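Trainee: One structure coming up, written as structure tokens, with questions to follow.
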Amino acid sequence: MNYETLDISGDAGIRASGGSLREAFEAAATGMYSLITDPDGVQEYRTIEVAARGESLEGLLVSFLNELVFHFDAYGFIGKRVDIKQMEMENTGRGSLKADVYGEQFDPVRHSRGLLIKAATYHGLVVEKKDGLWSLDVIFDI
Amino acid sequence: MAVQTLRRIDEFRIEIPETYAPGMKVPGLIYLDSALGAGLEERAIRQVANVAMLPGIIKASLAMPDIHMGYGFAIGGVAAFGQEDGVISPGGVGYDINCGVRLLRSGLKADTVVPRLRELLGVLYNEVPSGVGSKGKLRLEAGELEKVMSMGARWAAGKGMGGASDLERTESGGMMEGADPSLVSLKARERGHSQIGSLGSGNHFLEIQKVDEIYDEKSAARLGLFKGQVTVMIHTGSRGFGHQVCTDFLEVMERAVKKYGIVLPDRELACAPINSKEARDYLGAMRAAANYAWANRHAIMHWTREAFMKVLGVGPKDLGMEMVYDVAHNVAKMEEHLVEGRKMKLAVHRKGATRAFPPGHPELPAIYKETGQPVLVPGDMGRASFVLLGTQKAMEETWGSTCHGAGRLLSRHEAIRRARGRSIYRELEDRGIIVMSAGKQTLAEEMPDAYKDISNVVDVVHRAGLSTKVARLVPMGVVKG
């Protein structure tokens, strides 16, 4: 997957990229999961469907990642692979998406314990297209 | 944006003049001595300046000596807003609403606990859930989360956890008035439901400590502290419940910013006028999260007492594990303060800052009316934590606020890099500190070298008169998430 971790004072971030916005969003999501646990230890046993909306592209990204944070924190669902099935951006700048997330129930015994993510933030958020490649920076509150 | 544009006012204060950045309504004021000032991050300075641009901010955008970069507000930030033209900003509270510290004293001397320390920590580690993906130990029945949200620690006390004297020794009596559960989203409830009664991860901890230095004998005696005594410190907050409330309301505030035409230098400062529906709604939900946190710390305190009694085979009387105090260091409160000689009700935001009310303040419980409010400042797991008291000077200069902790020095990544090839666990054990941690990574990230030396931070607030040192507590055993 196309992501790397960003070194931020006190917290952690992800830089994700993709040929399309959809791919970059998927990479950001899997990158975020990699902060929580080692993705190699996660199996694709279950699928959940998530939806997100945002007032802007940045807002959509934050809201999407926070939806995944919610599913982990409330229900213990840890994802391995993300498939954004539908993504729409309106002329007003608003956007929405629907995604399937493949993963399983987090098990503190079997899965390594990385960072506890409180939320994806707007801090230092970057969504940009350079030379045909989308690049996203997201910083998480830990 | 050169650092030389900052002006050192005196030994303890640096001013960010209004000319530092366009749009600043008041100056910024950072409490720092020159030693700590050397490590001041440019981006944290900018954040203090950004807060100075918010509508209705009064006097100055303040920061305590444990300042470091946060989201929107810097960590260590304090700002007060007037009721007429001010704002409420979730970014001025933070994601972990009512993250705070609770200190328990005991009738035990450290040397009597040392032989049983490992066993004691093992029981605490099992009894108090911690770490990534852990669930809380309390099972809430239908409708009970509502009570947690509106009653806070009083709910826990009603369930047989702790007593009346514990509530009296908790900021706001462990229950913030004006909490409105109907404003809390289903998502926050879902996150909160499974996590109540858990420590969390990151910098949260449960620590068995020993009082190793007394600076003010008289006050220490009033607080029931003596040299060589065992104390327990609990540092945690409102868990996923509070994080979700913050996430939810940042979205609400983002819309409010457009609606009210507020110009912001940073999205994480999203806010709404104090008298708007959005601000009232946030405060109602924030107070529910604050209450959740107090219930959480109350439950953890209860299990701590049980663990001590079980392992040491003593009853509650011999254990003598009474609360010293419980402070919230991430919260917004409506408080009365003097502004140019006039009494005003202000919305005081403390984000990584501790309230430090002086002797005689009407909000203090009878037992602390003469001493002033106990201030609890946790350090890293290898060095020390401090007990201080609030002062009149803090009331006059910082809206009755002081520092909240050591403040990070190294990024998590850098800490892990420097911990490579070392056993932090062993290093601490060599210093007589036993650590139990759910995650290896957390231990490296939270190692002592990752933090500023708490003693330097506390010395600044002590010498600047924002709070006075009473006692130093050193760690004996630590449970980390």
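Trainee: Of the residues in the stretch B:380-413, how many are within 18 Å of residue B:214 (Cβ to Cβ) and open to solvent by 10 Å² or more (accessible area, probe 1.4 Å)?
Mentor: Adding up the residues that qualify gives 1.
Trainee: Can you tell me which residue within the stretch B:116-135, out of those that are more than 9 Å from residue B:438 (Cβ to Cβ) and in contact with a helix residue (DSSP H, G or I) (Cβ under 7 Å, 6 or more places away or on another chain), is farthest from the other protein chains (Cβ to nearest Cβ)?
Mentor: So the residue we want is B:116.
Trainee: Something else now. Which one of B:14, B:67 is under 25 Å from the mean Cα position of the chain (by Cα), within 14 Å of another protein chain (Cβ to nearest Cβ), over 23 Å from residue B:257 (Cβ atoms) and not in a loop (DSSP other than H, G, I, E, B)?
Mentor: From the options B:14, B:67, the qualifying one is B:67.
Trainee: For the stretch B:84-143, which positions are acidic (Asp, Glu), assigned to a loop (DSSP other than H, G, I, E, B) and farther than 27 Å from residue A:35 by Cβ?
Mentor: Within the stretch B:84-143, B:84, B:85, B:141 meet the criteria.
Trainee: Something else now. Return the residue satisfying two criteria in turn: it lies in the stretch B:309-336 and is of a type outside the set (A, V, I, L, M) and under 15 Å from residue B:104 (Cα atoms), and of such residues it is most open to solvent (accessible area, probe 1.4 Å). Can you show your working first?
Mentor: Going residue by residue through the stretch B:309-336, those that are of a type outside the set (A, V, I, L, M) are B:310, B:313, B:315-318, B:320, B:322, B:325-326, B:329-330, B:333, B:335-336.
Filter once more, so that each one left must be under 15 Å from residue B:104 (Cα atoms): B:316-318, B:320, B:322, B:325-326.
Values: B:316: 97, B:317: 191, B:318: 108, B:320: 17, B:322: 69, B:325: 3, B:326: 0 Å².
The selected residue is B:317.
Trainee: I want to confirm something. Restricting to the stretch B:210-235 and keeping residues that are crowded, with 21+ Cβ neighbours inside 10 Å and not aliphatic (A, V, I, L, M), which single residue is nearest to the other protein chains (Cβ to nearest Cβ)?
Mentor: Step by step, filter the stretch B:210-235, then rank; the result is B:235.
So that you can scan it fast, the table gives a plain yes or no per residue for (1) among the aliphatic types (A, V, I, L, M); (2) more than 27 Å from residue B:394 (Cα to Cα); (3) touching a Gly at 6+ places or on another chain (Cβ under 7 Å):
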{"site": "B:255", "(1), (2), (3)": "no, yes, no"}
{"site": "B:260", "(1), (2), (3)": "no, yes, no"}
{"site": "B:276", "(1), (2), (3)": "no, yes, no"}
{"site": "B:307", "(1), (2), (3)": "yes, yes, no"}
{"site": "B:328", "(1), (2), (3)": "yes, no, yes"}
{"site": "B:331", "(1), (2), (3)": "yes, no, no"}
{"site": "B:336", "(1), (2), (3)": "no, no, no"}
{"site": "B:339", "(1), (2), (3)": "yes, no, no"}
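Trainee: Restricting attention to the stretch B:236-253, report how many residues are open to solvent by 30 Å² or more (accessible area, probe 1.4 Å) and either in contact with a Lys or Arg (Cβ under 8 Å, 6 or more places away or on another chain) or of a type in the set (D, E, K, R) (or both).
Mentor: The number of residues fulfilling the criteria is 2.
Trainee: Additional query: Which of the strands (runs of 3 or more DSSP E) found entirely inside the stretch A:57-142 contain at least 2 residues meeting this: touching a strand residue (DSSP E or B) at 6+ places or on another chain (Cβ under 9 Å) and at the interface with chain B (Cβ under 9 Å from one of its Cβ atoms)?
Mentor: By residue number, A:133-141.
Trainee: Looking at the stretch A:107-134, which of its residues are under 24 Å from residue A:40 (Cα atoms), open to solvent by 20 Å² or more (accessible area, probe 1.4 Å) and out of contact with any Phe, Trp or Tyr (no Cβ under 7 Å at 6 or more places or on another chain)? Steps first, please.
Mentor: First pass over the stretch A:107-134, keeping only residues under 24 Å from residue A:40 (Cα atoms): A:107-120.
Keeping just the survivors that are open to solvent by 20 Å² or more (accessible area, probe 1.4 Å) gives A:107-110, A:112-113, A:118.
Selection gives A:107, A:108, A:109, A:110, A:112, A:113.
Trainee: Under 9 Å between Cβ atoms, at least 6 apart or on separate chains: pull out the pairs that start in the stretch B:329-345 with a residue that is of a type in the set (Lys, Arg) and end on any residue that is part of a loop (DSSP other than H, G, I, E, B).
Mentor: B:333/B:176; B:345/B:83
Trainee: Which count do you get for residues in the stretch B:181-207 that are away from every other protein chain (no Cβ under 14 Å) and either hydroxyl-bearing (Ser, Thr, Tyr) or open to solvent by 40 Å² or more (accessible area, probe 1.4 Å) (or both)?
Mentor: Number of matching residues: 2.
Trainee: While we're here: Name the single residue that is surrounded by the most Cβ atoms within 10 Å (Cβ to Cβ) among those in the stretch B:24-44 being in contact with a strand residue (DSSP E or B) (Cβ under 6 Å, 6 or more places away or on another chain) and in a helix (DSSP H, G or I).
Mentor: Looking at the filtered set, the residue picked out is B:44.
Trainee: Moving on. Is there any pair with a first residue in the stretch B:67-81 that is without any contact (Cβ under 8 Å) to a residue 60 or more places away in the chain and a second that is open to solvent by 10 Å² or more (accessible area, probe 1.4 Å) and part of a loop (DSSP other than H, G, I, E, B) whose Cβ atoms are under 7 Å apart and which are 6 or more apart or on different chains, and what are they?
Mentor: Listed pairs, sorted by first residue: B:69/A:9; B:69/B:41.
Trainee: What residue, of A:50, A:42, is more than 9 Å from chain B (Cβ to nearest Cβ), touching a residue at least 60 places away in the same chain (Cβ under 8 Å) and in contact with a helix residue (DSSP H, G or I) (Cβ under 8 Å, 6 or more places away or on another chain)?
Mentor: Step by step, each of A:50, A:42 is checked, and only A:42 is more than 9 Å from chain B (Cβ to nearest Cβ), touching a residue at least 60 places away in the same chain (Cβ under 8 Å) and in contact with a helix residue (DSSP H, G or I) (Cβ under 8 Å, 6 or more places away or on another chain).
Trainee: Scan the stretch B:414-447 for residues that are surrounded by fewer than 21 Cβ atoms within 10 Å (Cβ to Cβ) and either at positive phi or in contact (Cβ under 8 Å) with a residue 60 or more places away in the chain (or both) and jot them down.
Mentor: Those that are surrounded by fewer than 21 Cβ atoms within 10 Å (Cβ to Cβ) and either at positive phi or in contact (Cβ under 8 Å) with a residue 60 or more places away in the chain (or both): B:421, B:432, B:434, B:436.
Trainee: Given (1) at pLDDT 95 or above; (2) open to solvent by 10 Å² or more (accessible area, probe 1.4 Å); (3) over 30 Å from residue B:140 (Cβ atoms), where does residue B:267 come up short, assuming only one miss?
Mentor: For residue B:267, the failing item is (1).
Trainee: Please state which one of B:212, B:248 is under 30 Å from residue B:312 (Cβ atoms) and either part of a helix (DSSP H, G or I) or of a type in the set (Asp, Glu) (or both).
Mentor: Only one candidate passes the filter, namely B:212.
Trainee: Might you let me know whether the stretch B:65-77 holds any residue that is open to solvent by 10 Å² or more (accessible area, probe 1.4 Å), modelled with pLDDT of 95 or more and closer than 18 Å to residue B:347 by Cβ?
Mentor: The answer is no; no qualifying residue exists.
Trainee: So, in the stretch B:144-180, exactly how many residues are open to solvent by 70 Å² or more (accessible area, probe 1.4 Å) and in a loop (DSSP other than H, G, I, E, B)?
Mentor: Number of matching residues: 2.
Trainee: Looking only at the stretch A:22-39, filter to residues that are open to solvent by less than 30 Å² (accessible area, probe 1.4 Å) and touching a helix residue (DSSP H, G or I) at 6+ places or on another chain (Cβ under 8 Å); which one of those is nearest to the other protein chains (Cβ to nearest Cβ)?
Mentor: Looking at the filtered set, the residue picked out is A:36.
The values are calculated or read from the model by the stated rules, or taken from the named source; none is laboratory data. Since the structure is predicted, the reported quantities are computational estimates derived from the model, not experimental observations. Virtual Cβ from ideal backbone geometry, glycine too; neighbours counted across all protein chains shown. Just the protein is used for accessible areas: all its heavy atoms, side chains included, with ligands, DNA and RNA removed. Shrake-Rupley method; radii C 1.70, N 1.55, O 1.52, S 1.80 Å.
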